[in-house]
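Scroll down for the structure; my scribbles are underneath it.
The values are calculated or read from the model by the stated rules, or taken from the named source; none is laboratory data. Not measured: the values here are computed from a predicted model. Every residue, glycine among them, receives a Cβ derived from its backbone with ideal geometry; neighbour counts consider all protein chains shown.
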Amino acid sequence: MDTKKELGGHAAAFGSYLIFGLNIIACKNVANSGLVSPICLFSIRAIGATMLFWFASMFLPKESVEKRDLFRIFLASMLGLFLTQIVFLKAITITTPMDASIISTLTPIMTMFIAAFYLKEPITLKKVAGVLISFCGVTYLIFNSTHESGGIEKSAPLGIFFMVLNGLFFALYLGIFRPLTMKYSVVTFMKWMFLFSLLAGLPFSAADFIAMDYASFSTSVVLNLAYVVFFATFISYLLIPIGQKILRPTIVSMYSYVQPIVAAGLSIYLGMDELSWEKLLAAVLVFVGVAVVNRSKAAKMKKE
């Protein structure tokens, strides 16, 4: 593979999860306002992204989608957007931040096995070692980070189950639909993805939209919503398919480990946490793991 192209894929995957890491804070600020329910926030993201992707498609060469692929894109939107977000929004209300973070680290491991089963992507010793190195790094970071008090003291079994489903749904999306993402342009693929997820979410959020107190929206809430819609939805989901086109599913999913590192870094910058050798070691382990997986024998295979 062309080195510049591969670097572009890594930059796209890293950038998308960097934005997701900052998105945690923006979503929390919106949630803390008490003005927007979780399902409503999902629909706001879907509405904004649908409008932006369809608007962007007007300035690009027209690309038609085969009828049989529309159903496949619908399934992709359910796994990669709708179901993933719905179970996550439910899970975070009944799980502790630490438990939710730890369970989310299972996604790359699940992606590796799904890609091996569905895409016949070999599970090499280097790949297993890389995933485990990054897994150890991020769990080490989680256990050595400062967590806010006043949250849920104990995770409900249902919350843990939902977090596992969240990781499984997104792993299935990355592992199964890579060939589909390579068939169409990013904008074409995502405009249909978000349209389908929007249609799926609106029936559940319509009542909340009607009941929302729009007059109480502060400038801070509006700015956080703008970040969530434009950067954490439109830009980040523009970058993920670019990464999917170039990199293997396991590598793309491993960049999810960037999120806790971003959260820790931001906490340090804001004075909420302190830089320590444990955090530096965790960050090094995460990126060493990504490098090891990228250099596995499967990385040299011809891309289908």
Matching residues in the stretch 191-227 - criterion: being within 22 Å of Ile240 (Cα to Cα), surrounded by 15 or more Cβ atoms within 10 Å (Cβ to Cβ) and of a type in the set (A, V, I, L, M): Met193, Leu195, Leu198, Ala200, Leu225
In the stretch 27-40, which residue that is buried (at least 20 other Cβ atoms within 10 Å of the Cβ) and farther than 15 Å from Ala91 by Cα is modelled with the lowest pLDDT? Val30
Just the residues that are aliphatic (A, V, I, L, M) and within 29 Å of Ala264 (Cβ to Cβ), please, taken from the stretch 40-78. Leu41, Ile44, Ala49
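Consider Phe74 carefully, then state whether it is surrounded by 22 or more Cβ atoms within 10 Å (Cβ to Cβ), of a type in the set (Phe, Trp, Tyr), farther than 16 Å from Ala226 by Cβ and in contact with a helix residue (DSSP H, G or I) (Cβ under 9 Å, 6 or more places away or on another chain). So that I can check it myself, show each step before the final result.
Values: surrounded by 22 or more Cβ atoms within 10 Å (Cβ to Cβ): no; of a type in the set (Phe, Trp, Tyr): yes; farther than 16 Å from Ala226 by Cβ: yes; in contact with a helix residue (DSSP H, G or I) (Cβ under 9 Å, 6 or more places away or on another chain): yes.
When the stated conditions are applied, Phe74 does not pass them.
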In the stretch 176-229, what residues are of a type in the set (Gly, Ala, Ser) and closer than 30 Å to Ala115 by Cβ? Ser185, Ser197, Ala200, Gly201
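Residues are listed down the side, and each one gets a yes or a no for (1) assigned to a helix (DSSP H, G or I); (2) at pLDDT 85 or above; (3) buried (at least 24 other Cβ atoms within 10 Å of the Cβ); (4) on the phi > 0 side of the Ramachandran plot:
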| site | (1), (2), (3), (4) |
| --- | --- |
| Tyr237 | yes, yes, no, no |
| Gly243 | yes, yes, yes, no |
| Thr250 | yes, yes, yes, no |
| Tyr257 | yes, no, yes, no |
| Ile268 | yes, no, no, no |
| Asp273 | no, no, no, no |
| Val284 | yes, yes, no, no |
How many residues of the stretch 52-71 are hydrophobic (A, V, I, L, M, F, W, C), more than 28 Å from Ala226 (Cα to Cα) and assigned to a helix (DSSP H, G or I)? The answer is 2
At pLDDT below 90 and within 30 Å of Ser185 (Cβ to Cβ), is that true of Thr96? no
